[in-house]
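Below is one structure; the comments refer to it alone.
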DNA sequence: TCTCCCAATGAATCCATCT
DNA sequence: CAGATGGATTCATTGGGAG
């Protein structure tokens, strides 16, 4: 499958190969304006300090690899500026770039992208359906990563397969937030020691959507931080040519083996995970946040025997018990459990109305 | 409701007022380290093109697009740097800031936040359940905005009401992606001409969650880009004090009228679910002193595998260790740490009961 | 073979207080 | 300020082994 092409009579393009070495040096060897799309998953510069344990005392396997360490923001900025400059040179005028990151690095990457003259088209949120929780209860669960999609310049005639995206999304415009599970199970590559081969392997479904949306068959996709080659594997599957650059020999080996095993397959198999799910869960707290119920308002039980007051955090308080709508209902009824949605009612025009009516309203909005 | 306080004998803090004028100048008039939280929705559609100058003072040629774009970013960065510096000065050491933006400006804001010494805690995605569709079908539907939550410095003891957020979300950790509708319907304010009063009015549900999560009742919340006063309205409702700064008289008028109509919710409805961390500390030795446990009595672990003897000084002794309930538990389990309160049980009527039950009894007495 | 239960794990800037 | 100590804290999914 390895092939080469010549661009404008210049040097050959090493298609469907994994180039060893530093990405800046390797990109600088390639002819300018020769690549259709760049997908980049640069180091995030996580700046982790001590160890972290789960509540069950097991230790979290953190990203402590040397390649993710930078001395300062300035060092990271310089690195970003340099690889972006090299990337921009080899990009065709109508080409585009995707970069993925987290809050540790993405703001710096976005700034440097804009400074380099790239034109941001969308920021796209990968909402993880199964993120790692926050074990110490100190912050919000870090449940997403951010991707920036940008054309080489303002006015660049970038590729966007609008209809394909719409079709993928039940004939509704594809939004800027994508819900996809993290990469684990059989898709997660293992090394010879049985450990995960790479600490940050991206799911193929993510790349599938990126490539389907912003490239055409036969396009050249370059990934300067190739890792275990998700970009290459999906590109091959979808009939795109890839160029990977990776410094670590161990990652290159795993990636090459992986890509050799890839066959062009019926691509919609990958998108199964993104199709419709069951009725979305609506937390009771949303009714309060949205002002459908007011903190301090009284709810009454359907049988008229009990009452409870709504609090600002979406819990109820009754005579001697505080907690969720379900818990308080169960306690007041002396029952092991209780469906608070059908149990509790509020008054509208003097008549009791089930709070479930409000949940229906929210679900109806969500379907739009 | 307007009131003033004095901080450390300095100038008064103009609480629950909307200050007219430029936010940087107005913030500079306030005493330093006096504000608990800042919520900022900075503008990004700055009309800067008309009066831009190159470093050599020559007028920018409007045809020269590259210069134009670069200088416009530079001007925005300077503006961001200045208002962030003013904001940081008035923030208490354990205070925090929220900034909301879109891909046009959020990367620049995030970078400047980090450069100013703020410490990012989370980036939070407001996922709009009813966004404006992309009419031209050239990009993805822009269906979210990004908020950055940051403490004043690394190590700042910021406020985070973890349990309240969990309660609000049906007893699972609140994630970094928040699904909320955009502001429309009755909540959307109109001006005297029947047009929408402000182009980017934020929904109250968003501020409700922000303030509930990261402030306590009585905290001072400052919004330097007050607009039509969503921050002030929700702050009043939730029993927080606000300071608004707004340049445009028309917005100030609308905001003032809106806030005057807001009712504060009952203070008992403002009470939120609290964490165990907030509970007073009870030394294990108290259980022995009070005779709830006798010296010489045996405790058993919840998993039934281990046992230890209570000593008169509130330490335990097992096979080959002596020490606190935590230390002995950790040692016996070979774990890095152990919560002795939940690990150890005593026998009552032949059945194991957690020693935490005894701690609860003491705490209940303390509350009386 | 099928089901149930337990263990493992994922890009994480993850404690507070006193000595 | 470093070090020691008390004690608080998790969600969705996968896979393997037991039954």
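Over 18 Å, how big is the tail of the calculated P(r) for the stretch A:139-200, in percent of all Cα pairs? Let's see the in-between values first.
Details: 1202 of 1891 pairs.
Everything past 18 Å amounts to 64 percent.
To the nearest Å, what is the center-to-center distance of the stretch A:67-142 and the stretch B:224-261, using C-alpha atoms only?
Rounded to whole Å, the Cα centres lie 35 Å apart.
When the helices in chain B are scored as -39500 (n - 2.57) per DSSP H run of 4 or longer and the sum is shared across all residues, what 222 nm value do you end up with, to the nearest 500 deg cm²/dmol?
-9000 deg cm²/dmol
Can you give the Rg and Dmax of the stretch A:81-150 based on its C-alpha atoms, in angstrom?
14.7, 47
Can you list, shortest first in nanometers, how far residue A:154 lies from the same residue in the other copies, with each label 7 Å from Cα toward Cβ?
3.7
Per-residue Cβ counts within 10 Å, from other chains only, averaged over B:308-316: what number is that?
0
Assuming R0 = 25 Å, what is the FRET efficiency of residue A:129 and residue A:75, from their Cβ-Cβ distance, to the nearest 0.05?
For residue A:129 and residue A:75, the calculated efficiency is 0.15.
What are the distances, in nm and sorted shortest first, from the label point of residue B:364 to the label points of the same position in each other copy, with each label point placed 7 Å from Cα along the Cα-to-Cβ direction?
4.6
How are the C-alpha pair distances of the protein assembly as shown spread across 10 Å bins, as whole percents from the shortest bin up?
2, 12, 20, 23, 20, 14, 7, 2, 0, 0
Going highest first, how would you order A:173-180, A:337-344, A:356-363 by mean Cβ packing within 10 Å?
Per-residue mean Cβ counts within 10 Å order the peptides as A:173-180, A:337-344, A:356-363.
Which values of log₁₀ I(q)/I(0), to two decimal places, follow from the Debye formula for the stretch A:284-366 at q = 0.18, 0.21 Å⁻¹ with a uniform point scatterer at every Cα?
-0.68, -0.93
May I ask for the Rg/Rh ratio of chain B, computed from Cα atoms with Rh as the Kirkwood radius, given to two decimals?
1.11
If you take every DSSP beta bridge fully contained in the protein assembly as shown, what fraction is antiparallel? Give it as a percent rounded to 5.
About 60 percent, rounded to the nearest 5.
Run the label-point distances for residue B:195 please: 7 Å along Cα to Cβ, every other copy, nanometres, shortest first.
6.2
Peptide B:113-120: average number of partner chain Cβ atoms within 10 Å per residue?
Mean partner-chain Cβ count within 10 Å for B:113-120: 2.
Can you give the translational diffusion coefficient of the stretch B:59-190 in µm²/s, computed by Stokes-Einstein from the Kirkwood radius over Cα pairs at 25 °C and 0.890 mPa s?
My calculation gives 140 µm²/s for D.
Counting every Cα pair in the stretch A:127-237, what percent are over 15 Å apart?
When all Cα pairs of the stretch A:127-237 are counted, 73 percent exceed 15 Å.
If each Cα of the stretch A:39-137 is one equal point scatterer, what is log10 of I(q)/I(0) from the Debye formula at q = 0.18, 0.19, 0.20, 0.21 Å⁻¹?
Log10 of I(q)/I(0), two decimals: -0.95, -1.02, -1.09, -1.16.
Restricting to Cα pairs below 8 Å that are 6+ residues apart, what does the relative contact order work out to for the stretch A:37-126? Please round to a whole percent.
Dividing the mean separation by the residue count of the stretch A:37-126 yields 43 percent.
Could you work out the mean count of beta carbons from other protein chains within 10 Å of each residue's beta carbon in B:201-212?
3
Values quoted throughout were computed directly from the atomic coordinates according to the rules given, and no laboratory measurement underlies them. Computed from a predicted model, the values in this text were never measured in an experiment. No Cβ is skipped: glycine too gets one built from the backbone with ideal geometry, and neighbour counts run over all protein chains shown.
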